[in-house]
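The values are calculated or read from the model by the stated rules, or taken from the named source; none is laboratory data. Not measured: the values here are computed from a predicted model. Every residue, glycine as well, gets a Cβ built from its backbone with ideal geometry; the counts of neighbours run over all protein chains shown. Surface areas here come from the heavy atoms of the whole protein model, side chains and all, with no ligands, DNA or RNA. Shrake-Rupley method; radii C 1.70, N 1.55, O 1.52, S 1.80 Å.
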Amino acid sequence: MIVTASLTEAIEAYCGQRIFQAGPRLYIDGNPYHRPIGLAQLDRPDFTAPATEAQFLDPRQLVAGRILCSAYESDMILLPPNGLSSAKDDFDLFYSDEVRRLRDLIRPDLERFAFSFLADSVRVPPVRTLDELQAYFMAEVSAAGSPADDSGNNPLVDGLAPVKGSMRAITECRYAEEAAGLHLIQLALDALTEASAMARNLGGSYGVEQSELFKIFIDEFGYGVYSAKHSTIFRGMLASIGLRTDVHAYWSFYLTSSLVGTNYFNYLTEDHRGMFRYMAAVTYLEWLFAQGFADTGIMLRAVFGDRVDTKYCDEHAHIDIHHGRMTYEKLLLGFARTHGESVIPDLVRGIEETKLLLRLGDADFVAQIRWADTLAEHTTLGAALATAAADEGVAATLRPDDPFWTRVYDTDRLVAVTAGEVDVHAWATPRPHRLGRGDTLLVPRGRLHGLKAASSSATVRVSTVDRSEP
Amino acid sequence: MDRVVTMDLRQHNTVLVGHDRFFVFRADNQLQLVRDSCPHRGGPLSLARLTPDGRRLSCPWHGTRVGVAALRRTAVPMVRSGDQATVVLSAVAADAPVSVIRRRILANLPPERQCDTTA
Amino acid sequence: MLHGPNPYRRMLMPDAVAEVEFHRPLAAGEVTSWRSLAAHRLLGTFYEADTVLLPEQGLADLRADFDLFYSEELRRLREASISDLERFAYSFLATEVDITGAWTIDALDAYFQHAATVSEQGESAALTAIAQARRPEVAADTYLVQLALDGLTEASAMSKNLGGAYGPEQSALFKIFIDEFGYGVYESKHTTIFAKMLRSRAMATHVHAYWNFYLAGPLATNNYYYYLSRDHAKFFRYAGAVTYAERVFAPGFVKMIKTYQAVFGDDIDLHYCAEHAHIDEHHGRITREQVLLALAERHGASVVPELIRGIAEAELFGRWFEDDTAAQIRWSDAIDRYRERGAAALSGGGEPRRVELTPVSPFGTRSHDGAMILVLTEGEADLVTSATGEPDRLGRGDAVLVPAGRTYGVRAISPRCGYDLHPTTAE
């Protein structure tokens, strides 16, 4: 049994496990237990003061997101598709008593750190009655661009509408395939274990609503037919454009917002006091997914042409019309009817928190693809700013077989190569951006990236830059 | 392989074949053994309710409306003689277990009064 | 005597739990002891705090209990002690069951088929006890109460094995879950048809109405599946255990139908048993082919002993479930004889333990690790040994022998009442 004096020590002990350390490869195949956390990017792993909304993209959120994701997923069964034989030791460690004890010790504090800002940032409107809840929900989905159809009960889907928002931003990228790939990778975080959070709300006994939730789950799980399981058709979509299909193969390329968003659903289902927020959040998302996945399909076909298999998007664009209606009528309104006004504020809060997380997620993703798409320009910009470095910086030597991990900074940084050559991985691509000796790259605050030496040895110097000063 | 299954209709109303289900559906005062699977996503049509006009079943999974006439066209070969039914199931794996059981069949209840609004 | 429609309420008998030395783990022979009953009540509560329970009538008046049941404080206590409590309750399995030798997939299948056949051909101790009881209706209800433990939250442990990603075997397990959950149609959910069976016996149908009447053996069995489902390092054991359970359910329910029809004729709704008797034949096939053997194929030799262990352990728990229920039925059914034996054996011995009650004392049940003679020393009281039988009235001076592991409660009838518990070897 581990006895730890403090949260910090417990976190260090957790992250110090072999499976949470980086290895030399960019991608992780056949081993869903291996998750480099990159604790070293924090000066001090102090999670006592909750992150504010303004600190959403700080490295502490990224690290906490990776830890919480691993913590939640150790409550699920993950086995490599080609058999356990190659990863049996890591399986044993991932699910070991020691790692679980540490997990239980750190989870509540990390949740407080990661999710407290929701309560501070979200203003829950005063919705109290069933009628008010119906009016509120319809107003919210209309405002999000997914009004009800003529029947008043189904989300309206327009399969020909021009794409907007982040889907449009992808099509506008120079390297649109990489940008689209990064989007699918963010979806993969949840989609390859699709509906696992929902599974936590199947056990127990809570009447008709339990059966109604289960109907949704049956679809997600493909009726017990493996080829129809949503995670299986998602894998088909990844494979069609040459992406890896193993769970967390792209672990290092999950953005902070993706981790926080996926963790939020596990957080609400793992602590059952969150169940009403969860049910409302699911309702809101299922409703928006109908149009959302129609848009994703349009985007993918625009980027990849006919070679992309969009069955997953088509499936969701279709089935989520049903799920939108089913969750709205039977879950959201069902819980409000059965349990009354004591739970309606929780339901509304679930929707408001989801709205905020969606907004933060979109902003993070669009900022990442815009930066990753213009690393050459940011190298030019870095050179121009080189003289404006605010400090001496920190130097590091890289070698090709060093452990690979990704990070973010809490302020803008300049990454200058002083010897050798370095590849910058800002998304999953076989063509990373190469920096030569004398090159300086501007890495804005919160942008995810990893560095890998492209010569037998390379030296980089990372310094702070304050762009607000002239 | 074709398999012949007999059942006493006073006691049984469902046939399980491996993981496939068939149920005894009553329409126009005739009993037929039909597949318990909605063409949309395989939902349990035995648990569907008739629409107010009695002409369609509303699947409990997604509310898909399945015409009674169309469902009857999926009926498997069956001979009813009094309360005894003899069913011929085709293309059944030799080791697939076959059971006849009694279950609740909502599809044989009178049409639902309340008109629901689902598509 | 029964718990009201509040799924968060569970009488744990805190004073009596204090008797248990938790540093000494249970031995295999102690599964029906008080130590075991106390631990498994607690463990079952821990596990169910990981499932969603809401009262049928709506949460309105129970919001505070909901908040407490799922509160951070109780959760911290649970997380801090659950692993130790599991070790207390189940560590004996490591020595009780040994898997040795070189196992192949064929050997796994042969062992599995053998275990299933043994169960199919053997007789159910509890059903035999029901058939032989003087009051078979009460005895039959006692068995239903044990089934209600799982029947009203059916497949909740299984739901813990659905999340994640483990390929076609995950989908196969899900097929079974779909049936248990009645295809998402509430009227056909197994818990709903189980409730119909209880209602046909005029029994309560809310979750844990009969909390006080769950026996240690059935609790240990039910918890065992949660135990394997909480910690996924034990996933392969779970797969073995669930395959065995699904295989032996079908013949088990066939026997149950026969016994219950003999007791009640047509006055009981056995639809639940009939459903299981048939559907589990199909489930048994799916779990064997598409879960048990498929996992062995995919993940190789290192997981086979774990699969075997699950089968062997599930077999053990199945036996304890039956034996404990049968022993309770026989004792409760023959309480007159145990009164005589109690009176006869009462002489000298050590210092008795004194218990005092009033009619407003909270009702709870317990058992003892060793045999006891219960002697009423003051007032009048009812001895409760079954959920639906008439309690046995005890007057001043009346004694009754309570064998080790038998579960009982005492309810005061007079304004004050007291009884002594004398440890005995008369058993």
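Of all residues in segment C:67-78, which are within 8 Å of chain A (Cβ to nearest Cβ) and either modelled with pLDDT of 95 or more or surrounded by fewer than 19 Cβ atoms within 10 Å (Cβ to Cβ) (or both)?
Across segment C:67-78, the qualifying residues are C:D67, C:Y70, C:S71, C:E72, C:R76.
The set of residues in segment B:68-84 that are more than 13 Å from the chain's Cα centre (by Cα) and assigned to a strand (DSSP E or B) comprises B:V79, B:R80, B:S81, B:Q84.
Applying the criterion of being open to solvent by 10 Å² or more (accessible area, probe 1.4 Å) and among the hydroxyl-bearing types (S, T, Y) to the residues of segment A:50-94, the residue that is nearest to A:D29 (Cα to Cα) is A:S86.
Only residues that are of a type in the set (A, V, I, L, M, F, W, C), touching a Phe, Trp or Tyr at 6+ places or on another chain (Cβ under 7 Å) and open to solvent by 10 Å² or more (accessible area, probe 1.4 Å) were counted in segment C:357-403, giving 2. If the condition is being in a helix (DSSP H, G or I) and within 8 Å of chain A (Cβ to nearest Cβ), then segment C:141-157 contributes C:S156, C:A157.
Screening C:H23 against (1) assigned to a loop (DSSP other than H, G, I, E, B); (2) within 14 Å of another protein chain (Cβ to nearest Cβ); (3) surrounded by 15 or more Cβ atoms within 10 Å (Cβ to Cβ) leaves a single unmet condition, (3). Does C:K234 satisfy the criteria of being open to solvent by 20 Å² or more (accessible area, probe 1.4 Å) and within 14 Å of another protein chain (Cβ to nearest Cβ)? So C:K234 passes the test. Taking (1) surrounded by fewer than 20 Cβ atoms within 10 Å (Cβ to Cβ); (2) free of Cβ contacts under 8 Å to residues at least 40 places away in the same chain; (3) part of a loop (DSSP other than H, G, I, E, B) in turn, A:R244 satisfies each apart from (2). A:D362 falls short on exactly one of the conditions (1) open to solvent by less than 20 Å² (accessible area, probe 1.4 Å); (2) touching a residue at least 24 places away in the same chain (Cβ under 8 Å), and that condition is (1). Condition first: out of contact with any Phe, Trp or Tyr (no Cβ under 8 Å at 6 or more places or on another chain) and either within 11 Å of chain C (Cβ to nearest Cβ) or open to solvent by less than 10 Å² (accessible area, probe 1.4 Å) (or both). Now tell me which residues in segment B:28-44 satisfy that. B:S37 - this is the single residue of segment B:28-44 that is out of contact with any Phe, Trp or Tyr (no Cβ under 8 Å at 6 or more places or on another chain) and either within 11 Å of chain C (Cβ to nearest Cβ) or open to solvent by less than 10 Å² (accessible area, probe 1.4 Å) (or both). Provide a single number: the residues in segment A:386-417 that are buried (at least 17 other Cβ atoms within 10 Å of the Cβ) and in a strand (DSSP E or B). Number of matching residues: 8. In the set (1) touching a residue at least 40 places away in the same chain (Cβ under 8 Å); (2) touching a helix residue (DSSP H, G or I) at 6+ places or on another chain (Cβ under 7 Å); (3) open to solvent by 10 Å² or more (accessible area, probe 1.4 Å); (4) not aliphatic (A, V, I, L, M), the condition left unmet by C:F194 is number (3). Taken together, the residues in segment C:158-172 that are part of a helix (DSSP H, G or I), open to solvent by 10 Å² or more (accessible area, probe 1.4 Å) and facing chain A (nearest Cβ under 7 Å) amount to 1.
Condition check ((1) touching a helix residue (DSSP H, G or I) at 6+ places or on another chain (Cβ under 6 Å); (2) surrounded by 14 or more Cβ atoms within 10 Å (Cβ to Cβ); (3) under 28 Å from C:D269 (Cβ atoms)) across all residues:
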site: B:H12; (1), (2), (3): no, yes, yes
site: B:S46; (1), (2), (3): yes, yes, yes
site: B:R49; (1), (2), (3): yes, yes, yes
site: B:S58; (1), (2), (3): no, yes, yes
site: B:A69; (1), (2), (3): no, no, no
site: B:A91; (1), (2), (3): no, no, no
site: B:P110; (1), (2), (3): no, no, yes
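Within segment B:71-89, the residues that satisfy the criterion of being touching a residue at least 12 places away in the same chain (Cβ under 8 Å) and open to solvent by less than 60 Å² (accessible area, probe 1.4 Å) are B:L71, B:R72, B:A75, B:V76, B:M78, B:A85, B:T86, B:V87, B:V88, B:L89. Taken as a whole, the condition of being without any contact (Cβ under 8 Å) to a residue 40 or more places away in the chain and within 30 Å of the chain's Cα centre (by Cα) applies to A:E377. Among the residues here, A:L259 does not qualify as away from every other protein chain (no Cβ under 14 Å), within 28 Å of A:L68 (Cα to Cα) and open to solvent by 10 Å² or more (accessible area, probe 1.4 Å). Would you pick out the residues in segment C:1-49 that are under 21 Å from C:Y408 (Cβ atoms) and of a type in the set (F, W, Y)? Correct list: C:W34 only. Taking the criterion of being aliphatic (A, V, I, L, M), out of contact with any Leu (no Cβ under 8 Å at 6 or more places or on another chain) and either more than 20 Å from A:T269 (Cα to Cα) or not in a strand (DSSP E or B) (or both), the residues of segment A:54-104 that qualify are A:A54, A:L57, A:M76, A:L79, A:L84, A:A87, A:L93, A:L102. Checking C:A49, C:A16, C:A28 one by one, the residue that is over 15 Å from the mean Cα position of the chain (by Cα) and within 14 Å of chain A (Cβ to nearest Cβ) is C:A49 and no other.
Would segment C:208-225 turn up any residue that is over 25 Å from C:F46 (Cβ atoms), of a type outside the set (D, E) and more than 8 Å from every other protein chain (Cβ to nearest Cβ)? No: segment C:208-225 contains no residue that is over 25 Å from C:F46 (Cβ atoms), of a type outside the set (D, E) and more than 8 Å from every other protein chain (Cβ to nearest Cβ).
Confirm whether C:A312 is of a type in the set (G, A, S), open to solvent by less than 30 Å² (accessible area, probe 1.4 Å) and in contact (Cβ under 8 Å) with a residue 24 or more places away in the chain. Yes: the conditions hold for C:A312.
Within segment C:1-30, residues that are not assigned by TED's automatic domain parsing to the domain that holds C:A312 have Cβ atoms under 7 Å from residues that are β-branched (V, I, T) and part of a loop (DSSP other than H, G, I, E, B) in these pairs: C:P7/C:V207, counting only partners at least 6 apart in sequence or on another chain.
Going by the structure shown, is A:E178 within 14 Å of another protein chain (Cβ to nearest Cβ) and assigned to a helix (DSSP H, G or I)?
No; evaluated as a whole, the condition is false for this residue.
Residue check: is C:E137 over 13 Å from the mean Cα position of the chain (by Cα), open to solvent by 10 Å² or more (accessible area, probe 1.4 Å) and closer than 18 Å to C:V384 by Cβ? Yes; evaluated as a whole, the condition is true for this residue. Restricting A:R301, A:R337 to those that are more than 30 Å from A:P162 (Cβ to Cβ), part of a helix (DSSP H, G or I) and open to solvent by 10 Å² or more (accessible area, probe 1.4 Å) reduces the list to A:R337.
A count restricted to segment C:79-105 and to residues that are open to solvent by 30 Å² or more (accessible area, probe 1.4 Å) and under 22 Å from C:S229 (Cβ atoms) stands at 9. Would you check if C:L108 is surrounded by fewer than 19 Cβ atoms within 10 Å (Cβ to Cβ) and in contact (Cβ under 8 Å) with a residue 60 or more places away in the chain? Against the criterion (surrounded by fewer than 19 Cβ atoms within 10 Å (Cβ to Cβ) and in contact (Cβ under 8 Å) with a residue 60 or more places away in the chain), C:L108 does not qualify.
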